[in-house]
């Protein structure tokens, strides 16, 4: 899982133009990272492309923190 965590963390950092150190499991997507609904949809599309996965409606957009997103992507990658 560590490799997946690192990959997703690096992806998030690049997507949001932040340092990987700022992307912790507890960081809140909306409150801490100021992501709006449009950015959340863009994130879903980018995650699907980057990791070659399919995400159902709400699997990411209903998540609150990076740790939740990481868990979902990790489950998809098996």
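Derivation of every value follows stated rules applied to the coordinates shown; laboratory data play no part. Since this is a predicted model, take the numbers as computed values, not measurements. FYI the Cβ positions are ideal-geometry reconstructions off the backbone, even for glycines, and counts take in every protein chain you see.
Taken together, the residues in the stretch 59-75 that are farther than 12 Å from residue 8 by Cα, surrounded by fewer than 17 Cβ atoms within 10 Å (Cβ to Cβ) and in contact with a helix residue (DSSP H, G or I) (Cβ under 7 Å, 6 or more places away or on another chain) amount to 1.
Name the pairs: first residue in the stretch 1-20 and in contact (Cβ under 8 Å) with a residue 60 or more places away in the chain, second residue surrounded by fewer than 17 Cβ atoms within 10 Å (Cβ to Cβ), Cβ to Cβ under 7 Å, at least 6 apart or on different chains? Pairs that qualify, where the first residue is in contact (Cβ under 8 Å) with a residue 60 or more places away in the chain and the partner is surrounded by fewer than 17 Cβ atoms within 10 Å (Cβ to Cβ), are 1/74; 4/74; 4/77; 9/20. I'd like to check something: does the stretch 37-58 contain any residue that is in contact with a strand residue (DSSP E or B) (Cβ under 8 Å, 6 or more places away or on another chain), touching a residue at least 24 places away in the same chain (Cβ under 8 Å) and either farther than 20 Å from residue 75 by Cβ or exposed (fewer than 13 other Cβ atoms within 10 Å of the Cβ) (or both)? The answer is no; no qualifying residue exists. Across the stretch 8-27, the qualifying residues are those that are surrounded by 15 or more Cβ atoms within 10 Å (Cβ to Cβ) and touching a helix residue (DSSP H, G or I) at 6+ places or on another chain (Cβ under 8 Å), and the one among them that is nearest to residue 78 (Cα to Cα) is 8. Note on the stretch 59-71: residues that are out of contact with any strand residue (DSSP E or B) (no Cβ under 7 Å at 6 or more places or on another chain) and without any contact (Cβ under 8 Å) to a residue 60 or more places away in the chain total 9.
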